[in-house]
Amino acid sequence: MRLWRRFALGHVRRVPGSRRLATERPPPKAFKGSNIQAGSPYSKELRLLAHVFETATAGDPSSVCDAIERFGEDVLNPAGQWLKVAGRHKTTVLSKAMKNCPKGGSILEIGTYCGYSALRMAMALPGARVVSLEVDPAHMVIARNMVAYAGMAHMIDIWTGHSKDVLPRLPQRYGGRHQFRLGGVFMDQKGSRDSEFASEIFWCFSCLASSWPRGGQVCRSCGSVWVLGLGLSRVGGDPTQGYHEDLSVIEQLGLLLPGAVVVADNVLKPGSPLFLWRLCKGSAYDNHIVRVKEFAMPSEDWMSVSVLRPEAAVEMESMSVEVPTVERGKGQAPQGAWPVPPEELIQLQWESDRIRAQATRPGRGSVSFAEWASYAEGMKEKMVNHGIFETEDAEQLESGAELF
């Protein structure tokens, strides 16, 4: 990691008298997507980073975000691949929601991926601190490079680790629970706790060749000695855990300001039925479920936008604890109760984790665009049967309508 940090920060400098990072020199000419072997570990994300370095303007976060979207639409989409970022219609929903956050709070993101949404939120809320969590250390490294290249490292902090481990300790990084208050939360993490990574990955700083699991001090492709070995391990757990669990931890810590805005992506595809049941059948939030077009994919998805009611925020703060209790899937939470979800919704949660795992397997074609569209329609039909349905359309928001 120190080698990668030295490599990344060698291309930026700190502006005198400011925390802002600006570009010092462009990335090396050898840092090109064409040098990255297709199908190698994290090849999609590394090609994305190289594409941004090649096409975006350093120090311009809008240019960086535009380059990320073009990579998803112009490079991956024709090949039947998908870039999991909240782009286009989803950006409109996220930006409009976050602009209604109460003043004075930080923004928490769970699921950084490559840093796209963190940049979008930082641009929508100038001066607000964006704190982002990413479970995959390789994605964290790429996201930090993306944020530094965009010149936004003074506004965005990226931490690595699983939310269930990092969330309870995070307030202490910012002066304690009473100092680290949240005006907004964006949830875009994998809904399942179950992820598996290779034991070791090697990246070459000169040509970005990678090998898995073999590597060494000399790159097999270009002969460079600058090779990074990144050790990763299996993260296991209960596949029924997801957004609802992380929200419960945040509530128990008493971090949410009155009127805090909680946004969650992909609540239809792959889906978070237990999370939506918790929101819609509880009394703590005013909820919107927004129908959106999936970014760079011909499929429908939903985003949920929930606003914490003032009386619920006061109750959560008065009942806050230092050590939260992990919420389980069937109905009860330390901050209250709601009807026990029907067995069909519990089964849908398992189905969402199954297809998510299938989609994140290495290689192409694990879930086709047509399969995703069909899956989303089936998920929608079953959730509507239990009173969970879209209330807004992102196309109307694009035309100037407001959420609030």
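The P(r) of the stretch 51-188 has a tail past 23 Å containing 31 percent of all C-alpha pairs. As a test of the definition: which semi-axes, in Å, follow for the stretch 234-320 when you take the square root of five times each eigenvalue of its alpha carbon gyration tensor? Largest first, please. Calculated on Cα positions only, the semi-axes equal 25, 17, 10 Å. Here the peptides 155-164, 242-251 are ranked by packing, the mean other Cβ count within 10 Å, and the order with the highest first is 242-251, 155-164. Accessible surface calculations at 1.4 Å, restricted to protein heavy atoms, place the stretch 255-331 at 33 Å² per residue. Charge tally for ASN385 (other residues, Cβ to Cβ under 15 Å; Lys, Arg +1; Asp, Glu -1): -3. Length, then width, then depth: along the principal axes, the Cα atoms of the stretch 248-295 run 33, 19, 18 Å.
The values are calculated or read from the model by the stated rules, or taken from the named source; none is laboratory data. Just so it is clear, the model here is predicted, and its values are computed rather than measured. Don't worry about glycine lacking a Cβ; one is built from the backbone with ideal geometry, like all the others, and counts go over all protein chains shown. Each accessible area value is taken on the protein alone, full model and side chains, heavy atoms only, with ligands, DNA and RNA left out. Shrake-Rupley method; radii C 1.70, N 1.55, O 1.52, S 1.80 Å.
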